[in-house]
1. Taking the conditions exactly as written (on the phi > 0 side of the Ramachandran plot and at pLDDT 70 or above), does Asp288 satisfy them or not?
2. Quick check on segment 353-369. Is at least one of its residues out of contact with any His (no Cβ under 8 Å at 6 or more places or on another chain), open to solvent by less than 60 Å² (accessible area, probe 1.4 Å) and modelled with pLDDT of 55 or more?
3. Within segment 9-31, is there a residue that is touching a His at 6+ places or on another chain (Cβ under 9 Å), charged (D, E, K, R) and more than 25 Å from Gln226 (Cα to Cα)?
4. For a quick check of your reading of the model, give me the residue pairs whose first member lies in segment 302-314 and is in contact (Cβ under 8 Å) with a residue 40 or more places away in the chain, whose second is basic (Lys, Arg), with beta-carbon atoms closer than 9 Å and at least 6 apart or on different chains.
5. For the structure I just gave you, tell me whether His137 is at pLDDT 90 or above and over 22 Å from the mean Cα position of the chain (by Cα).
6. Among the residues of segment 159-215, how many are assigned to a loop (DSSP other than H, G, I, E, B) and either of a type in the set (Lys, Arg) or under 26 Å from the mean Cα position of the chain (by Cα) (or both)?
7. Counting just the residues of segment 221-236 that are part of a loop (DSSP other than H, G, I, E, B) and either hydrophobic (A, V, I, L, M, F, W, C) or open to solvent by 20 Å² or more (accessible area, probe 1.4 Å) (or both), which one comes out farthest from Gly13 (Cα to Cα)?
Amino acid sequence: MEEKIYYCEGCGGVMEFDVATQSLKCPNCDRVVPIAHDERKLVEHSLTHHAMRTIRASEKTTHTMECKGCGARIEVEGTSRAAECPYCGSDYVLAEREADAVLPDGVLPFQVDKNRVGELFRQWMKGRWLAPGQLKHLYQKDRLQGIYVPYWTFDAKVNARYTAMGGQHRTVTRKGPDGKEVREVVTDWYPTSGSIRHFFDDVLVPGSEKMDSKLLRRTGYFGTKQVVSYAPEYLSGYSAECYTVDLDDAHREAVGTMERELESMARSEVLGRYDEVSNIHVQADYRDETYKHVLLPMYSTAYTYKGKHYRVLINGQSGRVEGDYPKSPVRIGAIVLLVLLIVALVYWFSSGPDMRADTLPAWEEGQIYDYEIEEDAAWAYLEDNLPM
């Protein structure tokens, strides 16, 4: 397999992608070479049964690296010298068998450069006031890696019908056991229905099983309007993970996301006419479904503290930092004691000398508080609508 290394025509140095110019740039002589963007290559593919069963692989110009620790398979550009997994911090090595990689349709280039991302990480770490003090000294610049994370995007036109029960509040006056009038609110329920027309554009589904999906969501959304046609030059100086979620599984997750959004739309419509809503059922017809395979920018680092692994992600477009970190029992204990002290002082100064203990609120023995959790409504996807 041929390695793609971009040498500077001026001094012979190895050029890397530069965030400021969005071009290849030589770190030695500052020579800049623009990256060609071909809009014709950034296309939406029709979603068919055949597409969900088979994805055509294309020849690649990168190495497949396999982590010894977590098993992640990473695509590393020929100029990369990274030797640690961005997910768990372990060493990764050249895979025994090169993986066939689907050529991405598009890429969202990094908008945050490596120097600024280091400062963002330090600021985030300083703000973790529950973390142990020594944790703030664990930052190592060479362990914070830029990696392109694989995503699938899905578009669809939707015509949906929904049914629900709308509740209307009214106040009634009744006589209580003691003969006094009591006012209470009752709810009258009425069947209701409606229709929704919506276009879903670029519903994102991570193509990585190694990346924590909850942590990915916490890093915020990506502005996919800045996605450009794929060019290997964007990977120079960075790495990219191979997708491990196939198109069929990704599509099912996208359908679930669309379903929840449609239910939310139906809920909002009913609440525009009623005070409450329940028993929402949505039946949707999806048309003109398309998909893309894109790479989105993320900085990742992993560290170990007292034998436990932690991971931090930084959105390579917005710079938002999210991650896990250990909490210091000493600091948590100090905060709890401080809160208790403040409550005690407020109570002491607010209570008069004649304060009686029986005026304090009493908990009834065996008192139980129920919290009702609303479950998502069941929904069946009409897969027969897909072309063969």
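1. In short, yes.
2. no
3. no
4. Ala302/Arg143; Ala302/Arg311; Tyr303/Arg143; Tyr303/Arg311; Leu313/Arg218; Leu313/Arg320; Ile314/Arg320
5. Considered against the rule, which asks whether it is at pLDDT 90 or above and over 22 Å from the mean Cα position of the chain (by Cα), His137 comes out as no.
6. Of the residues in segment 159-215, 7 are assigned to a loop (DSSP other than H, G, I, E, B) and either of a type in the set (Lys, Arg) or under 26 Å from the mean Cα position of the chain (by Cα) (or both).
7. Only one residue fits best here, namely Tyr221.
Table: residues versus (1) open to solvent by 20 Å² or more (accessible area, probe 1.4 Å); (2) among the aliphatic types (A, V, I, L, M); (3) under 20 Å from the mean Cα position of the chain (by Cα).
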position: Leu271; (1), (2), (3): yes, yes, no
position: Ser278; (1), (2), (3): yes, no, no
position: Arg287; (1), (2), (3): yes, no, no
position: Thr290; (1), (2), (3): yes, no, no
position: Met298; (1), (2), (3): no, yes, yes
position: Thr301; (1), (2), (3): no, no, yes
position: Lys306; (1), (2), (3): yes, no, no
position: Ile314; (1), (2), (3): no, yes, yes
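The values are calculated or read from the model by the stated rules, or taken from the named source; none is laboratory data. Predicted, not measured: the structure shown is a model, and the values here were computed from it. Here Cβ is always computed from backbone atoms with ideal geometry, including for glycine, and neighbour counts include all displayed protein chains. Surface areas here come from the heavy atoms of the whole protein model, side chains and all, with no ligands, DNA or RNA. Shrake-Rupley method; radii C 1.70, N 1.55, O 1.52, S 1.80 Å.
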